[in-house]
Amino acid sequence: MRVNVTVNGEQRQADDVWEGESLLFMLRERLGLPGSKNACEQGECGSCTVYLDNVPVCACLVAAGQAQDRSVRTVEGLAEGDQLDPVQEAFVEAGAVQCGFCTPGLVVQAHDLLDRVPNPSDPEIREALAGNLCRCTGYEKILDAVRLAASRR
Amino acid sequence: MHAFDYAAASTVRGALDLAGPGSAFLAGGTTLVDLMKLDVLTPDRVIDVNALPLKGIRLHDGALRIGALERMSDVAAHPVVRSVHPVISKALLLSASGQVRNMASIGGNLMQRTRCDYFRDVTSACNKRRPGSGCPALTGVNRNHAVLGTSDSCVATHASDVAVAFVALDAQVVLRSKDGDRVAPLEEFYRLPGSTPDRENVLGPGELIAEVVVPVLPWARHSTYLKIRDRQSYEFALTSVAAAVDVKRGVVQDVRLAAGGVAAKPWRLRAVEEALKGGVAIERTFAEAAESAVDGARPLAHNAFKTALLKRTIVRALLDAAGAR
């Protein structure tokens, strides 16, 4: 099938999409956007988190066809040109990146949290990021990054 | 993943026309797509129902009505839900993760499948997945399994949190087919496993859940959902209790209780409710009443702790709901 979808503000088209393909596969393998990561494929790790119509979802569990005529924003769509989003800057400054595999999903999920809750408490941060697993277990620095990003808003 | 046809429906009629043996409705996809990747579910046709007009949260005729396609996160945050039945909101917010709550629909939540590892592993026998093949959980790793409502064929738990709150509140589901609507109490919507654990509910092949209807119960504002689990977030319940209690002058006038994580379906605790009515709202009353919660329980090798844990969860939930501490 053909899927028409707005990605990071641009109208995109993917052809020969198989019905069983995930939105994640389509983004990475057909639309050249490998920022969203493919790990558990079960919605448990959050590495594939993208905005779908302005709401963060696990792209691995969205059938590609479900994105038809909808709007997707990936981690690649957070920066303005060369200017990183404040959440991305905070992750860099706080050293919240170890192997980096979970980072794109965490950045998108933290970005959404700070849009909804500008000054989150630690329990609110923890709960919002509960669906994002860091196998390096670098959670303390990640919490630091979210607090840092919140303090600059 | 097994090959399948994909079709998107824009009307209920259209979706039902497309439905047949071997088809599956796709809403949030958090259960269906997950289990399709594992080859646990292998539908020939997937019918995307997300465009169906089954949304909306409203108060009508003494009941809170929630469209089946409302997302868990939207229901949890809805001001009417939070003010009329806060226990629904609490149960939802203690479920899954933020991303999954953004995706999963209420109808799909009620239709979610068990988290039994043997069910989810196609190399294992499972009477629910492959009728007659056996139940390895009976003698295998069964710490997370049920102690109530089980059978010799299946000891899986029902995984939903919000269904526990709904059952406590006497919620009904509106089931829509080409013949029109029928209404079933959610408690009776689910079947016990018996010898046919593959048949989990009373939904017919050409039927879908259209709406959940929860009667308004003013005193049920005093309610809680207490979920006990191995980690603080993003984990299924070992035990959980939805409790609403009406206390006047220190005496229990009325009470609603249901449990999750311990039973083959969301488990209403009627005997405990009856034992509580007219009692003094103190911890000892709650603890005595909670004893009957585990009547008929059938603990397994690794989950016997759930009987004691359930009773304690009931007591703590009642103390919270009664504002006794």
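The values are calculated or read from the model by the stated rules, or taken from the named source; none is laboratory data. Treat the numbers as computed from the prediction; the structure is a model and nothing was measured. Here the Cβ is made from the backbone with ideal geometry for all residues, glycine too, and neighbour counts use every protein chain on show.
Let me confirm something: among B:Ala264, B:Ala297, B:Ala258, which residue is closer than 23 Å to B:Gly149 by Cα and surrounded by fewer than 24 Cβ atoms within 10 Å (Cβ to Cβ)? Spell out the reasoning first.
Numbers: B:Ala264 fails: surrounded by fewer than 24 Cβ atoms within 10 Å (Cβ to Cβ); B:Ala258 fails: surrounded by fewer than 24 Cβ atoms within 10 Å (Cβ to Cβ).
Exactly one of B:Ala264, B:Ala297, B:Ala258 is closer than 23 Å to B:Gly149 by Cα and surrounded by fewer than 24 Cβ atoms within 10 Å (Cβ to Cβ), namely B:Ala297.
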### Task
Please note which strands (runs of 3 or more DSSP E) are completely contained in the stretch B:151-240 and include at least 1 residues that are within 14 Å of chain A (Cβ to nearest Cβ) and over 12 Å from the mean Cα position of the chain (by Cα).
B:223-228
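Here is a check on your reading of the model: is A:Gly77 within 23 Å of A:Val5 (Cβ to Cβ), modelled with pLDDT under 95 and away from every other protein chain (no Cβ under 14 Å)? Talk me through it step by step, then tell me what you get.
Numbers: within 23 Å of A:Val5 (Cβ to Cβ): yes; modelled with pLDDT under 95: no; away from every other protein chain (no Cβ under 14 Å): yes.
No, not satisfied.
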### Query
Taking the stretch A:3-31 only, how many residues are within 27 Å of B:His2 (Cβ to Cβ), more than 13 Å from every other protein chain (Cβ to nearest Cβ) and of a type in the set (A, V, I, L, M, F, W, C)?
5
### Task
With the condition kept exactly as written, say whether any residue in the stretch B:130-138 is among the polar types (S, T, N, Q), in contact with a helix residue (DSSP H, G or I) (Cβ under 6 Å, 6 or more places away or on another chain), without any contact (Cβ under 8 Å) to a residue 24 or more places away in the chain and not assigned by TED's automatic domain parsing to the domain that holds B:Leu35.
no
### Message
So, restricting to helices (runs of 4 or more DSSP H) that lie completely within the stretch B:1-110, which ones have at least 3 residues that are closer than 15 Å to B:Phe166 by Cα and either within 13 Å of chain A (Cβ to nearest Cβ) or not hydrophobic (A, V, I, L, M, F, W, C) (or both)?
### Response
B:86-93
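Name every residue in the stretch A:122-142 that is more than 14 Å from chain B (Cβ to nearest Cβ) and free of Cβ contacts under 8 Å to residues at least 24 places away in the same chain, in order of residue number. Please lay out each step first, then the result.
Within the stretch A:122-142, the first condition is being more than 14 Å from chain B (Cβ to nearest Cβ), and the residues that meet it are A:135-136, A:138, A:140-142.
Of everything in the stretch A:122-142, just one residue is more than 14 Å from chain B (Cβ to nearest Cβ) and free of Cβ contacts under 8 Å to residues at least 24 places away in the same chain, namely A:Glu140.
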### Task
Give the residues of the stretch B:40-80 that are among the β-branched types (Val, Ile, Thr) and buried (at least 22 other Cβ atoms within 10 Å of the Cβ), sorted by residue number.
B:Val46, B:Ile47, B:Val49, B:Ile66, B:Val75
